[in-house]
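Data block below; observations after.
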Amino acid sequence: MGKNHRPQRLGEEVRKVVSEMLIRGDLKDPRFKGMIGISGVDVSGDGSYATLYITALSYTPGVEMTAEEKQGILDAFKHSSGYIRANIDKAVKVRYVPELIFKFDESFEYGAKMDKILDNLK
């Protein structure tokens, strides 16, 4: 049997819709600080859950966001999840819109940490 690519396609569509909402400024919560993006979406095999990986960068170069700011962004996404799901429902024709789970993507911070370590070795 072939691999089912539907969750991957649905994840890409969800990422596209939420990213466009962020670009247009549809999410007006004041807790959305800095540059926020969606780096990836994992959808469960049955399509009932979608995990959105969030990246957030400070507007000030070299200054990382605090844990409180990150938690505020996660809370803002959780608070807006109904509105986000409604927009996904309008844009993507699926029978059931997946429940949204929001997590921070730590890979960018890990990469920056590794770059700093490698620079110190020189």
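The values are calculated or read from the model by the stated rules, or taken from the named source; none is laboratory data. Source: prediction; values computed, not measured. Note: ideal-geometry Cβ built from the backbone for every residue, glycine included; neighbour counts use all protein chains shown. These area figures cover heavy atoms from the full protein model, side chains too; ligands, DNA and RNA do not enter into them. Shrake-Rupley method; radii C 1.70, N 1.55, O 1.52, S 1.80 Å.
Relative to the longest principal axis of the C-alpha atoms of the chain, give the angle of the C-alpha long axis of helix 67-79, reported between 0 and 90° and rounded to the nearest 10°. The angle comes out at about 10 degrees. A simple count of charges around I38, restricted to other residues whose Cβ falls under 13 Å of its Cβ and scoring Lys, Arg +1 and Asp, Glu -1, yields -2. Applying 1/(1 + (r/R0)^6) with R0 = 22 Å to the Cβ-Cβ distance of E20 and S44 gives a FRET efficiency near 0.45. With 20 Å as the limit on Cα-Cα distance, the pairs of K33/K116; K33/K93; K70/K113 that go past it are K33/K116; K33/K93.
By the equivalent-ellipsoid construction on the alpha carbon gyration tensor, the chain comes out with semi-axes of 29, 20, 11 Å, ordered largest to smallest. Within region 1-110, the trypsin sites (Lys or Arg not before Pro) that combine a DSSP coil assignment with at most 14 other C-beta atoms in a 10 angstrom radius are K3, K28, K93, R95. Three principal axis extents of region 1-60 based on alpha-carbon atoms, in descending order, are 50, 20, 15 Å. Of the accessible area of the chain, computed with a 1.4 Å probe over protein heavy atoms only, carbon and sulfur atoms account for 54 percent. Calculated accessible area for the chain comes out at 68 Å² per residue, all protein chains present (probe 1.4 Å; ligands, DNA, RNA ignored). Filter the chymotrypsin sites (Phe, Trp or Tyr not before Pro) in region 29-122 down to the DSSP loop ones having no more than 13 other Cβ atoms within 10 Å, then list what survives. Hits after loop and neighbour filter: Y59, Y96.
Modelled label positions at D105 and V63, each set 7 Å beyond Cα in the direction of Cβ, lie 2.4 nm from each other. Note on A86 and D115: the model spin-label points, each 7 Å out from Cα along the C-beta direction, lie 3.9 nm apart.
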